[in-house]
Amino acid sequence: MNSLPDILQALARQQPDRTALRSPEGEIRYDELLKAVNQVAGQLQTLAVTRVGLCGDNAPGWIIADLACRVAGIVCVPIPGFFSTSQTQHLINQAGLDGLLFGAPTDLRGLAVEDVVDVWGPICFKRLARVASALALPEGTSKVTFTSGSTGTPKGVCLDDHHQDATAIALAEVVGDLEIASHLCVLPLATLLENIAGVYLPLMLGATIHVWPLADLGFSGSSRLDAQRFADVINRCKPDSMILVPELATVAVRLAESGAFAGHRFRFLAVGGGRVSPDMLARAKERGLPLYEGYGLSEAGSVVALNVPDANRPGCAGRPLSHIAVTVDSNGEIRVCGNTFLGYMGEGIAAHDPGDCYLTGDLGYLDGDGFLVVNGRSKNLLITSYGRNINPEWLESELIQQVGVRQALVYGDGCAQPSALVTVDPDQDTSTLARDITALNRTLPDYARLQSVRLLREPFRPGGGFVTPNGRLMRHVLMPALAEFLRLAEPLPIADAHEPEARRA
């Protein structure tokens, strides 16, 4: 298997003048990219560092620094921009970083701007004193990707170069015929999915990567998006592909329905990171959006399964990629075997054998044609008083993606019917919301219809203790406080969940 640095060298020879990276500041050709990567790698080797953190907004310098760490054989630890100051410090201490690569002083999160060395153009290096409590890493670790997790405490997943390249190569096998010539990064580059599928994959395909600051794309904070600014950048870049989370996919579908993309035709839009509503996929298809659902996790290199044009089944996560094997145990839990991580930082040097099967904690099954269906997290399963199993993520995705609430928490374990607590923006029309939830209930099987919905007129925000820094509700924290939130919430007048279908018509 050719490594990404080997492929990059070959492309610099074969297509030196083709644009590799494009940003508001200009363009970098493939030959220029290789030169910059080698220069930064040489500087890092001169600095005699072994572990560095990579900070900053989406920018060409971030990509160059990441690739340079690979060439120099240095462990790279991307630091997500949505991490709080305390989470960032936890990461720095736990990973035992020798220093930080960054593009602007604001990337340092309040750390003193001293002991700084200019490495290349906008890339600087700040040396740090490694703490005595730094954890050992499994042998071969080249990247540690930290996830916020459901508890909000960063957890380090250790990967080697082979893990990352194998995922990108397996993706190239299934999308290579789509002739993707340009990709727009809309997720933070510190997100492993964008890092591998949005940078490594396009580079292996010899494509152009559009890298725009997240604020220019319309993002503010961790969970707000100016849809018009988002559409403006898309219309300016006209990318063939993007990677979206369900919330962004919902925005993209609504923009397409309003005609905001000025006739631009995408070649491939991947959506993952959460359950995707089949109705939203149908709406995307109606508007000519090639939106395809996938499934993955950091422990398996970010992508496990993916739908593609010639093998697409809405409601499924796609067929598993060639670099891994997927099985489902007798309890319905999904196992991923093959290209799995080296271990979690802090849980022992030999905590995980990459050849072992990894228990994902997700429930699902493989259908007769080999497509993977993912139903939700096993620990979140609700069992009604009639013994019916309900994955709350299913209903929550419908409420967010189809109805348009900001956040949703479905509960009701042991009850006859599930219920939901939803949040909305203060100016949202709740009469329309009640009508839309009633319409949603009509499409659900009777055991899953919502018997009550209560709403809060202000979404939960990162930093308040009830959502992770990337905006996901922390179910295990919210549930003990649910009674108080329900007391503060107002009821929505939705139709009776047991109303006969004839009367609903």
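The values are calculated or read from the model by the stated rules, or taken from the named source; none is laboratory data. Not measured: the values here are computed from a predicted model. All Cβ positions, glycine included, derive from the backbone under ideal geometry; neighbour counts span all protein chains shown. Remember, those area values only see protein heavy atoms, side chains included, never the ligands or the DNA or RNA. Shrake-Rupley method; radii C 1.70, N 1.55, O 1.52, S 1.80 Å.
The set of residues in region 216-234 that are in contact (Cβ under 8 Å) with a residue 40 or more places away in the chain and open to solvent by 20 Å² or more (accessible area, probe 1.4 Å) comprises D216, G221, S222, S223. Restricting region 173-211 to residues that are more than 20 Å from L306 (Cα to Cα) and within 17 Å of the chain's Cα centre (by Cα), the residue that is most open to solvent (accessible area, probe 1.4 Å) is P188.
Note on region 75-106: residues that are touching a residue at least 60 places away in the same chain (Cβ under 8 Å) and β-branched (V, I, T) total 3. Can you tell me which residues in region 83-105 are surrounded by fewer than 20 Cβ atoms within 10 Å (Cβ to Cβ) and either among the hydroxyl-bearing types (S, T, Y) or under 16 Å from N195 (Cα atoms) (or both)? Selection gives S84, T85, S86. Of everything in region 285-321 that is touching a Pro at 6+ places or on another chain (Cβ under 8 Å) and aliphatic (A, V, I, L, M), the residue that is farthest from L342 (Cα to Cα) is A305.
Checked against the criterion of being under 25 Å from V131 (Cβ atoms) and part of a loop (DSSP other than H, G, I, E, B), region 21-34 contains not a single residue that satisfies it. Selection of region 404-427 for residues being in a loop (DSSP other than H, G, I, E, B) and either at pLDDT 85 or above or touching a strand residue (DSSP E or B) at 6+ places or on another chain (Cβ under 9 Å) (or both) yields G404, V405, R406, G412, D413, G414, C415, Q417, P418, V424. For the subset of region 207-236 comprising residues that are touching an Asp or Glu at 6+ places or on another chain (Cβ under 8 Å) and in a helix (DSSP H, G or I), which member is nearest to V77 (Cα to Cα)? Checked region 207-236; the qualifying residue nearest to V77 (Cα to Cα) is V233.
Taking the numbered list (1) crowded, with 17+ Cβ neighbours inside 10 Å; (2) out of contact with any strand residue (DSSP E or B) (no Cβ under 6 Å at 6 or more places or on another chain); (3) hydrophobic (A, V, I, L, M, F, W, C); (4) within 22 Å of C185 (Cβ to Cβ) in turn, V40 passes all entries but (2).
When L108 is tested against (1) over 25 Å from V186 (Cβ atoms); (2) hydrophobic (A, V, I, L, M, F, W, C); (3) surrounded by fewer than 21 Cβ atoms within 10 Å (Cβ to Cβ), only condition (1) is not met.
The set of residues in region 419-442 being without any contact (Cβ under 8 Å) to a residue 60 or more places away in the chain and open to solvent by 60 Å² or more (accessible area, probe 1.4 Å) consists of P426, D427, D429, S431, R435.
Scanning region 58-75 for residues that are more than 22 Å from H163 (Cα to Cα) and either open to solvent by less than 30 Å² (accessible area, probe 1.4 Å) or at pLDDT below 95 (or both) returns N58, P60, G61.
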